[in-house]
Structures are given as C-alpha cells and as structure tokens.
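Before any comments, here is the structure.
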Amino acid sequence: MTQAEIKLCSLLLQEHFGEIVEKIGVHLIRTGSQPLRVIAHDTGTSLDQVKKALCVLIQHNLVVYQVHKRGVVEYEAQCSRVLRMLRYPRYIYTAKTLYSDTGELIVEELLLNGKMTMSAVVKKVADRLTETMEDGKTMDYSEVSNTFVRLADTHFVQRCPWVPVTENSDPGPPPPAPILVISEKDMYLVPKLSLIGKGKRRRSSDEDAAGEPKAKRPKHGADHKEPIPDDGIYWQANLDRFHQHFRDQAIVSAVANRMDQTSSEIVRTMLRMSEITTPSTAPFTQPLSSNEIFRSLPVGYNISKQVLDQYLTLLADDPLEFVGKSGDSGGGMYVINLHKALGSLATATLESVVQERFGSRCARIFRLVLQKKHLEQKQVEDFAMIPAKEAKDMLYKMLSENFISLQEIPKTPDHAPSRTFYLYAVNILSAARMLLHRCYKSIANLIERRQFETKENKRLLEKSQRVEAIIASMQATGAEDAQLQEIEEMITAPERQQLEALKRNVNK
C-alpha cells in the first residue's frame, strides 16, 4: 500500500461514511488484520463505536473477518474494494445503458446499501420510479423483478454468502463468528417470489382515508407483520462482472480502431458468447467454433459464412494476437487472448502518455526500446536517428520519470564503467503501476482541493441556497416577476462570478 492510496482511501471513507468509520478503516488498512479490542485500544475509540463502524464496513464489503484457531476473530480491510468506490458512477451508468432506468436504480440501491434482499430492492426501486412518473401512472413490482432476474442471469448482481442451516445435534457453544458459505451454482439463483403490487408515491401530508395523521395512527404489533418471502437471501453488485464488461468494451473498440467495424462486431459476438462461461481472471475465453460464431452474429448483420471465415483468419494472423486459433473442428476453433489484449492496451496507454508528456521524439525512442527489448545508448541514437546529445537527454528524462529502466551488465566483477554494458529496457508492469499510483495521487489532490474550495466559500454557498429556497417558495405561491428579480439581486454580480468559478472548480 502506497501513501497516496492510503490517503485516497481515507478521503473516500470520510466522504461516504463519516469520521469514525474512516478512522477505523484507515487504521486497518495501515496495520493489517487485527482483533476488535486491539482496534479499540489503538484508535482510542469506544468498543461500541468500533463495533458500529465495523458493521458498516462489513455491510459494504470493505472489511472481511476470519476466525483463527485460538478462537480470536480478526478484521482485515479490503483496500482495493475501497478504491472501487471511485467507479460507482460508472457501474450505475453501465447498468442504465444495458437495462434502462430500472437496472440503473437496482444497481444504485445495491451499491448504496451494500447488501439487500431482492424484495426490498424491488419495492424501493418501484417506489422511486413511480415518483418520477406522471400522476396516475405507477410501476409494477413484476417489471422491476424481471429486470432484477436479467441482471442476475448476466451475473451483474450475485447472492451474498450465508450461514448454512445445520441440525442442532451439537450442544456445544456457538462459534465466535459465523462461517459464511455459498456454492457456485447458487450464486446467481433467483428465489421464486410472487411480488404483486405497484410503487407508491410519498405524500407530504400523509393522512390516509381515515383522516388520522401519522402520529395518531395505532401502531400494529410485531405479530401483524407479514413474513418476508426471501428473508436471509441477500444480494450485492458483482463488481468483477462490471470490470469484465469494461475490459470487453475496451477490446472491441481497440479492434474497431485497428481494423474495421465488422471485425469488432465479430469480436463483440465472441465475447458476448463467453461472458458468463469465462471467469474474469481467465487468460483466454472458451474456444468457439466458426459455425457457432456465425449463428450468434446479430440479426440483420449481412455477412456470409465465407466472409466471416476470412475475417477470423485475418484476426488470428494479426501481430497483436487478440484472437487466436485453437483447433480446426467445427470450421475452426477460435479464442480471444484476454491477457495479451490487456497487455497491448496497457502498452498503448503508456505510449500515449509518453507522447503527451515528452513529445513525439521521446515516444519514438520509447517504442523502439519496447520493440527491441534491450538497447545500449549508442544503438538508440542510431536506430532512432536522433543526435547523441538529444537522445541522451530524452533517455535520462524518461529514466528519471520511471518510464524506462536501466540494467547494468558488467564484464568483470569490479563493475568498472568502461567494462560494463548499460542496457535500456521498458518494464511494462512497473510503468503501469507507477501510472496508476499517479492517478490515485491526482484524485486525492482533487478531492482535497474540492473540500478546501467548498470550505472557503461556505458563507457564499449558504447565502445562495437561502436565496434559491426563497425564490422556489415564492414561485409556488405565484409571486410576480418583479418580486422574484428583487430577491435574485440579493446576490451581487461579483458574488455570482465567484459562485460560477467555484462551480467550475468543484466540477473538475
């Protein structure tokens, strides 16, 4: 864990859950797994507050626990999971593009609440959609339920592990913490629910037909509560599946840029056919025959079997090796080399960053070193056809920024410079990690800047909100334009400019 990542985790936890949760979360990120009492002692927080904070973190999958042999329960923070909170808007937008507004709200509710039952999600989403509809229109629970089933079928949502039901034959003491399990086949199994009903609108004066205000209505006892049909079956958003979708989109757009739209559509079809059968960490997709691919192409995509085979051969022969041939049965078996594709995309990103930061000549040297693997300084000058002084300057600039590495190979044990080879190389993995670390640092700085700007202009923001509230209430009561203009003039022109500048800075 780098300092930049810890700082970013701290800012994200504080923004989403407040100071106490942030304090406990960052302490666990810094120290690793620890038992409850040690966390309370080290952070100087009361046991009750630590328990509540851990409940919040476990609910949102940001902390996991495990029971040791001695019966001690230790809690461990998931730093990578905290950093994924940055992508929440992207997950929600992806659900909207694939499954319209209903899918968007389902994923949003699951991300906001961490874990929820299907019935609770369906009711909440139906109510929210009904509020946005015109008067007289409502959202059926069944429609939301169908979208939820589709999300589960495509693995965008999954069941949470649960405590297995066991016979009470063992009279011994209960374990210090429950052991949660779930089998692969049950992970996306949707319970059969007959959810009948429609979404309800919230009324500001919620006095029912009886005419009694809420406070005066008799509270029903716990006995009258209906049993929840799917009690104990909780669901969560499957973030790995969203990442798999982002990866597939990146591969398809890379193929479209390199070749054409038809070849990208073929690759998209192959990825769609194997999106559920291939694990997100697999190096290759499942082998697919040419005949299967032809049958699965989108309806109305008029390409013949012969043209498809030509495209597949072209893709398999391409030096980037996004698509590989794995056999000859069924008209030829093809796979997508996912690890190779991701490596190529990372390399292309690095090349583009070098070009943006240091110019096209540096990018030429960078590509040359990438292609030849190891080069001496004299070879770089000759191959790149750049004067010695400039080449040396560019190499040292990239070396100082960690885009290029230098390896010493001595001819003799004394490491004398005259009898040592100095070879330049590019370590893609370390360069990509360095770039990722810089991104985290930039985001942390931006969040801090936004907080500072908001704090500095707190008085002005409060004044602006008060004026907007007054205008809104006057418009509701049917005030004249002259009165509204008079209220608007309470914010002076310089203050308005300041607000515009603040809005621009915060939106960055």
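The values are calculated or read from the model by the stated rules, or taken from the named source; none is laboratory data. These figures come from a predicted structure and were not determined experimentally. Virtual Cβ from ideal backbone geometry, glycine too; neighbours counted across all protein chains shown. Surface areas here come from the heavy atoms of the whole protein model, side chains and all, with no ligands, DNA or RNA. Shrake-Rupley method; radii C 1.70, N 1.55, O 1.52, S 1.80 Å.
Percent relative contact order of the chain, based on C-alpha pairs within less than 8 angstrom and at least six residues apart? Don't jump to the answer; show the numbers that get you there.
Numbers: 554 pairs, mean separation 50.5, N = 508.
Contact order relative to length: 10 percent.
Here the contact order of segment 239-340, divided by its residue count and restricted to Cα pairs under 8 Å and six or more residues apart, works out to 26 percent.
Our estimate of slack between Thr454 and Lys115, defined as 0.36 nm per intervening residue step minus the Cα-Cα distance, is 118.8 nm. Per-residue 3J(HN,Hα) values for segment 356-373, derived from phi via the Karplus relation 6.51 cos²θ - 1.76 cosθ + 1.60 with θ = phi - 60°, read 5, 7, 10, x, 5, 5, 5, 4, 5, 5, 4, 5, 5, 5, 4, 6, 8, 6 Hz in sequence order (x marks Gly and Pro).
Evaluate 2.2 N^0.38 Å with N set to the residue count of segment 98-155, then give the Cα radius of gyration divided by it. Present the calculation step by step, with values, prior to reporting the outcome.
Numbers: Rg = 11.0 Å, N = 58, 2.2 N^0.38 = 10.3 Å.
Cα Rg divided by the expected 2.2 N^0.38 Å: 1.07.
Can you check what the net charge comes to around Ala282, using other residues whose Cβ is under 15 Å from the Cβ of Ala282 (Lys, Arg +1; Asp, Glu -1)?
Details: positive: Arg241, Arg247, Lys340; negative: Glu184, Asp240, Asp248, Glu275.
Net of charged neighbours comes to -1.
Spacing of the modelled spin labels on Ser304 and Arg30, each 7 Å from Cα toward Cβ, amounts to 7.0 nm. In this simple spin-label model, placing a label point 7 Å from the Cα along the Cα-to-Cβ direction at both Ala316 and Lys397 gives a separation of 4.5 nm. The phi-based Karplus calculation (6.51 cos²θ - 1.76 cosθ + 1.60; θ = phi - 60°) puts the 3J(HN,Hα) values of segment 303-319 at 10, 7, 4, 5, 5, 4, 4, 5, 4, 4, 5, 4, 5, 5, 7, 5, x Hz, whole numbers, x for Gly and Pro.
Please report, to two decimal places, log10 I(q)/I(0) for segment 303-356 at q = 0.27 Å⁻¹ as given by the Debye formula with identical point scatterers on the Cα atoms and no solvent. For segment 303-356 at q = 0.27 Å⁻¹, log10 I(q)/I(0) is -1.02. Test of understanding: extend the Cα→C-beta vector of Ala432 to 7 Å, then name every residue of segment 319-345 with backbone N under 16 Å from that spot. Output list for this probe position: 320-322, 337-345. Residues whose amide H lies under 5 Å from that of Thr420, counting only those 5 or more places away or on a different chain, are Lys411; hydrogens are built 1.01 Å from N in the peptide plane.
Treating each Cα of segment 3-77 as one equal point scatterer and applying the Debye formula with no solvent, the log10 of I(q)/I(0) at q = 0.17, 0.18, 0.20 Å⁻¹ comes out as -0.58, -0.64, -0.80. What the Cβ-Cβ distance of Leu98 and Glu351 gives, at R0 = 51 Å and to the nearest 0.05, is a FRET efficiency of 0.95.
Order the peptides 405-412, 347-354 from the highest to the lowest mean number of other Cβ atoms within 10 Å of their residues. Display every interim value, and only then the final one.
Numbers: 405-412: 11.1, 347-354: 16.6.
Answer by packing, highest mean first, reads 347-354, 405-412.
In what sequence, highest mean first, do 115-124, 255-264 appear when ranked by Cβ atoms within 10 angstrom? Write down the numbers at each step before the final one.
On the way: 115-124: 19.7, 255-264: 15.6.
In descending order of packing, they fall as 115-124, 255-264.
How much area per residue is accessible in the chain when the probe is 1.4 Å and only protein heavy atoms are counted (Å²)?
Per-residue value: 60 Å².
Considering only alpha-carbon pairs that sit under 8 angstrom and 6 or more positions apart, the relative contact order computed for segment 359-426 is 36 percent. The label-point distance for Lys52 and Ala282, in a model that sets each label 7 Å from Cα toward Cβ, rounds to 4.6 nm. Distance between the C-alpha centres of segment 347-374 and segment 430-460: 27 Å, rounded to the whole angstrom.
Considering the values (1) 23.8; (2) 24.9; (3) 28.7, which represents Kirkwood radius over Cα pairs in Å as calculated for the structure under consideration? So the structure-derived entry is (3). Peptides 44-53, 333-342, 282-291 ranked from most to least packed, by the mean per-residue count of other Cβ atoms within 10 Å: 333-342, 282-291, 44-53.
Could you compute the FRET efficiency for Arg295 and Ala472, with r as their C-beta to C-beta distance and R0 at 35 Å, rounded to 0.05?
Values: r = 57 Å, r/R0 = 1.64.
With a Förster radius of 35 Å, E is 0.05.
At an R0 of 60 angstrom, the distance between the Cβ atoms of Asp382 and Lys69 translates into a FRET efficiency of 0.40.
P(r) tail, segment 239-340: Cα-Cα pairs separated by more than 22 Å, 22% of all pairs. Using the alpha carbons alone, the radius of gyration of segment 359-426 stands to its Kirkwood radius in an Rg to Rh ratio of 0.98.
Helix-derived [θ] at 222 nm for the chain: sum -39500 (n - 2.57) over DSSP H runs of at least 4, divide by residue count, nearest 500?
Numbers: 20 runs with 287 residues, N = 508.
So the helix-based figure for the chain works out to -18500 deg cm²/dmol.
Taking 0.36 nm per residue of separation and subtracting the Cα-Cα distance, full extension of the segment from Ser329 to Lys411 would add 24.2 nm.
Phi angles across segment 239-249 convert, under the Karplus curve 6.51 cos²θ - 1.76 cosθ + 1.60 with θ = phi - 60°, into 3J(HN,Hα) values of 5, 4, 5, 5, 5, 4, 5, 4, 4, 4, 4 Hz, Gly and Pro given as x.
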